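This report refers to the structure that appears directly beneath it.
The values are calculated or read from the model by the stated rules, or taken from the named source; none is laboratory data. The shown structure was predicted, so the numbers you read here are calculated from the model rather than taken from an experiment. Here the Cβ positions follow ideal geometry from the backbone for every residue, glycine too, while neighbour counts run over all protein chains shown. Areas reflect the complete protein model, heavy atoms only, side chains present, ligands, DNA and RNA absent. Shrake-Rupley method; radii C 1.70, N 1.55, O 1.52, S 1.80 Å.
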Amino acid sequence: MKKKMSVNPQEEYLKRKEHFTKIFNRQKKFFTRLSNLRILVFILGIGGSIYLFFLQQYRLSGAFFIVSFILFLFLIIKHEKIRQEKNRTFHLIEVNQTSLDRLAGKWTQFPVDGKEFIDSDHSYSLDLDIFGQGSLFQWINTTNTYFGKLSLKDLLTHLDKERAQIRKRQQAIAELAEKLDWRQRFQVEGMFSQTRTNNPARLINWAEKKEKMFDKSWKVYLLCFLPVTTVILAFLAFTMPEVPNSTPLIPLLIQLVIIAYGYKKINHIFDATCNYKKVIKIYQCQLMLLESAKFKSKYLNDLKSDLFNRKGHLASIQIKNLGKIVDMMELRYNPLYHFILNSIFLWDYQTLIALEKWKDESGKYLRNWLQAIGQIEALSSLAIIRHDHPDWGFPEIVDERYFFSSKEMGHPLLSNEDRVCNDLNFQGAGNILIITGSNMSGKSTLLRTVGINLVLAYAGSVVSAKEFKCSVMDIYSSMRVNDNLEKSISSFYAELLRIKMIIEASKKGKPMIFLLDEIFRGTNTKDRHIGAKTVLRNLSREGVMGLVSTHDLELGDLEMEKRLEMKNYHFRESYEEDKIIFDYKLRDGVSTTSNAIYLMKMVGIEI
C-alpha cells in the first residue's frame, strides 16, 4: 500500500494544540461576557417591569417583562451552547497534548491500560504485553465507549485473520489515519461523560427484550382516553354549575389505581434507560459524525450501511428520540410531578407508550449501532500508529501457509532512540529458529518484536518494519510464566501446562507460530536439555514455525540433525572499560560468549 507523505506528526499536533488554545481563550472570554449579560438582563427585566408597574404603565410593564424574559431565555440557550463548544475545544487541546505525550514516550503514564483484559490463559497476550502497564493497548487506546474498548481488545486478541478482512481493515485504517480532524472530533464527542465506559448491557437487554406492557392496542387507547376524559370533566365541573364538582374524581381515582398497579414495573423499566441519559447523548453525537462522514473504504461504508432502523430512519435520529423520551422521564424528579402531571395525565404511562413504540421500531438495532461506534473507535486507535509513524509500512499477507520475512523490524513500543532493527526471514513447515546469547542481549525482545508485529499485522495496522510479509498463523507463546499459589501450581509446572497447550495446538493442522523464551528454565540442566530438544523436535515434525531463545548452547546442535528445519542465530556483547556493550544485532550461528560471571562481579558478588 502506498505510503502517505505527511508533515511531521509532532509539529502537526503542536500547531493544532496552539490553534485550539487560541479558540478556547476566545470562547472563555465570550462565555464570561454572556454570563454577565444574562445577570444584567435578569436584573433590568425585573427592575424595569416593577418600575413601570409603579408608574401604572401596566401594558408597557408586561411587555417589558415578556421581552426581557425572552431575551433571558435566549441568553441561557446561547450560554449553554458556548459552554458545550468551549468544552469540546478544551478536549481537543487535551487530545493533541496526549498525542504529543505519546510521541514523547510518556504514554506509559496514560490512565487506561486495559488491565481488566489481562488473561494468563490467552495464547499470547500476557507474554507480548498486549494489556496492562506499558502495553500495546495503553500506547494506542483512544476509545471512550464500552464497546470501543471491547472492539480494540478483540482486534488485538480475537481478530478475524482472513486475508480479505485484513486487507479491508488496512484500507479503513489508512483512510482514518488521513482524517486526523475527523478522528479527533469523533474522539472528543465520546469524552463528555464520566460514565461513557460503563457497560450498556442493561439498556441493550431492555431494547432487545420482546416483552411489552402494552401488547394490545386497546390498552394504549384507554390510557390516552382517560386523561382526556378527566381534563374535560374537570373543565365542565368548574365552568358549568349543573355539573357536580365531584364528577372528575371518578376517572381520577381510576387513574390513581392504574398508577399504583404499574408503579414498580414502570420504575424498573425507567431505571434501565434513565441511568444512560448522558451516554445516550454521546452516542447521538458520535452517530451523527459517523453518518455524515464520507468514506472510500468498503469496511467503513459497510459499518455506515447498518445505521438505520427497520423503517429506514437514521440511527442518530432514533437515538435522539430516545434521549427526548428519557428527558420526559426526568420530570419524575419534579416535586409537583406525581401530584399534577402523573395523576391527571398518566405521564408515566404516556412516556412508557412512547418508549415501547421506540423499542418496537429501533430496539433490536441498538446493539449494532453501539458496536459500530466501538469498531470505529478501535480502528481510529490503530490509525494513530499509521499517522504517527509514516515511515512504517502495511504488511503483505501472503498465500503460503508458513512464511515470515521482515526488513529493519523493530519493537513498536520502544522509542526511536532505543529501537534496534533486524532483518529476519524464515519459511516452510517445521522451520524453527534457535536464538542464543548472553543475558540482556536482546533474545526475549526479538521474540516479542516478532509477536507484537504479527498482532498488529493481523489487526490491519502498519508494523515497525521497512518491509514485512507473513502468512496467516495462530500465535502461541510461553515467555512470562509464573507460579499460581491459589491453584498450588509452581512456575515449572505452569510452564509445562503452557508447553502442553502449544504442542496440542500444533497437532490441529492449522498454520501456527510459537515463541518460547528460555524453555524449561525451572529444572536441572540435564532434564532441561533433554526436554527442550524433545519438544523442539516434536514441534518441527508437526510442521509449525517458531522461535526459541535459550542460554543452552547445546540446543544449537539440533541444526545438524537430519529431517529437522532448524537454524541458529545469536546476539553478542562486547566489553569496554568494565562495561558491557550490547548492539542488539542478530547474527548467524550459535553464541560464543556469556556474561553471567561478569554481571555477578558488577553487582558485587565475589567469584
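Quick notes
- Of residues in region 72-96 being open to solvent by 50 Å² or more (accessible area, probe 1.4 Å) and of a type in the set (Phe, Trp, Tyr), the one nearest to residue 43 (Cα to Cα): 74
- Contacts under 7 angstrom Cβ, first residue in region 281-308 being over 18 Å from residue 175 (Cα atoms) and without any contact (Cβ under 8 Å) to a residue 60 or more places away in the chain, partner among the small types (Gly, Ala, Ser) and open to solvent by less than 40 Å² (accessible area, probe 1.4 Å), 6 or more apart: 284/316; 284/323; 288/316; 308/315
- In this entry, residue 99 passes the filter for residues that are surrounded by 15 or more Cβ atoms within 10 Å (Cβ to Cβ) and in a helix (DSSP H, G or I).
- Which listed residue, of 591, 574, 506, is touching a strand residue (DSSP E or B) at 6+ places or on another chain (Cβ under 7 Å), surrounded by 18 or more Cβ atoms within 10 Å (Cβ to Cβ) and more than 20 Å from residue 423 (Cα to Cα): 506
- Of all residues in region 183-191, at least one satisfies being touching a residue at least 24 places away in the same chain (Cβ under 8 Å), part of a loop (DSSP other than H, G, I, E, B) and in contact with a Gly (Cβ under 9 Å, 6 or more places away or on another chain).
- Residue match in region 216-228 (condition: farther than 19 Å from residue 343 by Cβ, assigned to a helix (DSSP H, G or I) and in contact with a Gly (Cβ under 7 Å, 6 or more places away or on another chain)): no
- Complete set of residues in region 245-257 that are surrounded by 12 or more Cβ atoms within 10 Å (Cβ to Cβ) and not in a helix (DSSP H, G or I): 247, 248
- Residue satisfying all of: in region 384-417; part of a strand (DSSP E or B) and without any contact (Cβ under 8 Å) to a residue 60 or more places away in the chain; most open to solvent (accessible area, probe 1.4 Å) among these: 408
- Hits in region 345-369 - residues which are within 32 Å of the chain's Cα centre (by Cα), crowded, with 17+ Cβ neighbours inside 10 Å and not small (Gly, Ala, Ser): 355, 356, 358, 359, 365, 366, 367, 369
- Subset of region 189-221 [of a type in the set (Val, Ile, Thr) and either at pLDDT 95 or above or over 30 Å from residue 14 (Cα atoms) (or both)]: 204, 220
- Any hit, region 422-443, residues being assigned to a loop (DSSP other than H, G, I, E, B), of a type in the set (A, V, I, L, M) and out of contact with any Gly (no Cβ under 7 Å at 6 or more places or on another chain): yes
- From 168, 161, residue being within 21 Å of residue 303 (Cα to Cα), in contact (Cβ under 8 Å) with a residue 40 or more places away in the chain and assigned to a loop (DSSP other than H, G, I, E, B): 161
- Cβ-Cβ under 7 Å pairs, at least 6 apart or on other chains, region 218-238 side over 13 Å from residue 249 (Cα atoms) and open to solvent by less than 40 Å² (accessible area, probe 1.4 Å), far side among the hydroxyl-bearing types (Ser, Thr, Tyr) and in a helix (DSSP H, G or I): 223/349
- Screening residue 519 against (1) without any contact (Cβ under 8 Å) to a residue 40 or more places away in the chain; (2) open to solvent by less than 10 Å² (accessible area, probe 1.4 Å) leaves a single unmet condition, (1).
- Failed condition for residue 340, given (1) farther than 26 Å from residue 317 by Cα; (2) buried (at least 18 other Cβ atoms within 10 Å of the Cβ): (2)
- Per this entry, residue 121 is counted among residues that are part of a loop (DSSP other than H, G, I, E, B) and open to solvent by 30 Å² or more (accessible area, probe 1.4 Å).
- Hits in region 13-54 - residues which are touching a residue at least 12 places away in the same chain (Cβ under 8 Å) and of a type in the set (Gly, Ala, Ser): 35, 45, 48, 49
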